[in-house]
Amino acid sequence: ILHISDLHLKEEGMAQDLILDSLRNKIKSLSDTEYKFNFLVISGDLSFSGKSSQYTVVTDFITDILNHTGLISEQLILVPGNHDVDRSKIEAPEIGWYYSFSEKGNDWEKEKALNDTLESKSAFPRLMEKLEAYHQFEVDLKNTIQYGRYHEHVEKHQINEKNSLVFVGLNSAL
């Protein structure tokens, strides 16, 4: 399993380009000489701030890595991080209820406030709007992805007759 984490990719940047080129070259070298990867797992903060334009860079990078390793999109596991949340979609009047569950109070009160928000027919869809660019990127790249009620996804991959790998992805950053 090739695991990459916290890419924080944005539209451009000289330092970013140098790091990505170095990472691409190392992965290509490992794939050509030493390792045969079965999965590519990229977790946490694929983008810098969850903007659609940043996912073009992410897509190009992932496509390069898939090509270098000989993997296909079905062997790609993605889990977003808090930087994949587009916080610019939060409207000023919504700030109060977006973060009401992190205010003062005991743990039970905070958990109740969070559950009330997640179960709200108006608040929860607004919370998920902050991940729209990420979700569209993942659907475009992987073609088939199914999400549960809280936008979690589970992927099971059969390794052999007796063994399988199960990946569960959930971004808990609201």
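The values are calculated or read from the model by the stated rules, or taken from the named source; none is laboratory data. Keep in mind that this is a model prediction, so the values were computed, not measured. Counting neighbours? That spans all protein chains shown, and the Cβs are built from the backbone with ideal geometry, glycine included. For accessibility, only protein heavy atoms count, side chains too; no ligands or nucleic acids. Shrake-Rupley method; radii C 1.70, N 1.55, O 1.52, S 1.80 Å.
Of the labelled options (1) -0.62, -0.72, -1.09; (2) -0.82, -0.91, -1.17; (3) -0.69, -0.80, -1.20, which one gives log10 I(q)/I(0) by the Debye sum over Cα atoms at q = 0.14, 0.15, 0.18 Å⁻¹ as computed for this structure? Given (1) -0.62, -0.72, -1.09; (2) -0.82, -0.91, -1.17; (3) -0.69, -0.80, -1.20, the calculated one carries the label (2). Taking label points 7 Å from Cα along the Cα-to-Cβ direction, N67 and M14 give a separation of 2.6 nm. Estimated at 0.36 nm per residue, the fully extended path between V139 and N106 surpasses their Cα-Cα distance by 8.0 nm. Counting only protein heavy atoms and using a 1.4 Å probe, what share of the accessible area of the chain belongs to carbon plus sulfur, as a whole percent? Accessible surface attributable to carbon and sulfur in the chain totals 52 percent. Simple spin-label estimate for S120 and H151 gives 1.6 nm between the two label positions (7 Å along the Cα-to-Cβ direction from each Cα). Model label points for T33 and K89, set 7 angstrom from Cα along the Cα-to-Cβ axis, are 4.4 nm apart. Entry note, the chain: the mean residue ellipticity at 222 nm calculated from DSSP H runs of n ≥ 4, each adding -39500 (n - 2.57), is -13000 deg cm²/dmol after division by the residues and rounding to the nearest 500. Computed 3J(HN,Hα) for the range 53-67, one whole-Hz value per residue from the Karplus formula 6.51 cos²θ - 1.76 cosθ + 1.60 where θ = phi - 60°, is 4, 6, 6, 5, 5, 4, 4, 4, 5, 4, 4, 4, 5, 4, 5, glycine and proline marked x.
Put simply, the amide H of I4, placed in the peptide plane, has neighbours under 5 Å in V41, I42, S43, leaving out anything fewer than 5 places away on its chain.
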